[in-house]
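See below for the structure under consideration.
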Amino acid sequence: MNDLTPTLDPKYAHLPLHLQRGILQRKLEREEEEREERRCQERIDQKHAEIASKRAAEAAQREAFEARGQAHVSRDTPFVMTSAARVVLDTIDRCVRFGHNGLVTGAPGVGKTRALEEAVRRSGTMEGPPVGLVTVTGVMGNSTMALLEEVAPHVGVRTVYSVTATMKLLCSKASEFPVLLFDEAQNLADRVARDMLAISEQARVQMLFLGNDEALKFVNSQKAAIRQIARRLPIREEIDCILDADADLLAGQYAVEEPEALRLCRTLAETHHADGIGKVLPIARAIAEAAGSRTVDVDHLREALSLFPHFLRDLTKANAAPQVERQSSFKRLPKRR
């Protein structure tokens, strides 16, 4: 910019040279500022386009997740008030009414978790007592702090820097939920279970523990520590299986009307409880709909069962006649020497 004379505007020729150069310098600066503004606006527009594209992708992902969730819900067995579900819900009501803790044990697949989900749904719609559900994993069951982090939001308390301080807060300020539900309670270590029951006694928050037969370790022992836990679990229920009437109710949700198909559903309930029916019947219904049938017959069930070879093996064993060892009708004589 040392020599600007060739680019000077002729209309400023009457002005001194240093003024002409100043005018030209300001003009060039304005042009550079305009170019910089355009570049900045282009960057802003590009950033807005990236944000809009990202939001559109997130919206599409959410829609895909929602569609997948709706498809999953449509495949799930709708809630049916089976005998197992009635036991679980009645136990929750007893915990609320009498202010005691409880333990429900049962075989896997009888419908304990499904009943807990229904209790949470009723809690959200004010149809039942307020409850909070915590599913205990193997890692969480051995760590008091990890379990407290799951429990604290349900009772309106935030965890703090240590286990002791968090437990003090829970014992003094827990107030929102009268019943805490612990699913898969067999994963709880004895020490963690005692800590939870100590919170229950001091905060007056009832707790219901649900698990398989391994959860009986909390009550079936002569050890002093276990007897202390057992004393705090006065309400106890055990669910061994589901009834034929329960199998008929579940089958009725999928338009199973044929007597032979109902018998097959009952046999499946004997071997794999409600979980087996919940896995097989949605597939059988989809097969029936694809074939243009309004009801699910035994052929649709067998075709669905072919996808679960272990179910077929168990059904074959259940239907097999008991083997009786044949006994000789005469006394075998010793051989002569």
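For the chain, carbon and sulfur atoms together expose 51% of the accessible surface, with a 1.4 angstrom probe and every protein chain in place.
What's the longest bit of the chain with no exposed chymotrypsin sites (Phe, Trp or Tyr not before Pro), using DSSP loop states and at most 13 other Cβ atoms within 10 Å as the test? Before the final figure, lay out the partial values.
Numbers: sites that count: Y161, F330.
Segment 162-329 is the longest.
Of the trypsin sites (Lys or Arg not before Pro) found in the stretch 154-245, those in coil by DSSP whose Cβ has at most 10 other Cβ atoms within 10 Å are R158. Which residue, G109, L233, L133, has the largest displacement toward the positive end of the dipole of the stretch 96-238 when charges sit on each Cβ (Lys, Arg +1; Asp, Glu -1)? Result: L233. Accessible area per residue for the chain, computed on protein heavy atoms with a 1.4 Å probe, is 63 Å².
The values are calculated or read from the model by the stated rules, or taken from the named source; none is laboratory data. It should be emphasised that the depicted structure is a prediction, and the values quoted were computed from it without experimental measurement. Here Cβ is always computed from backbone atoms with ideal geometry, including for glycine, and neighbour counts include all displayed protein chains. Please note that ligands, DNA and RNA were not included when accessible areas were found on the heavy atoms of the full protein model with its side chains. Shrake-Rupley method; radii C 1.70, N 1.55, O 1.52, S 1.80 Å.
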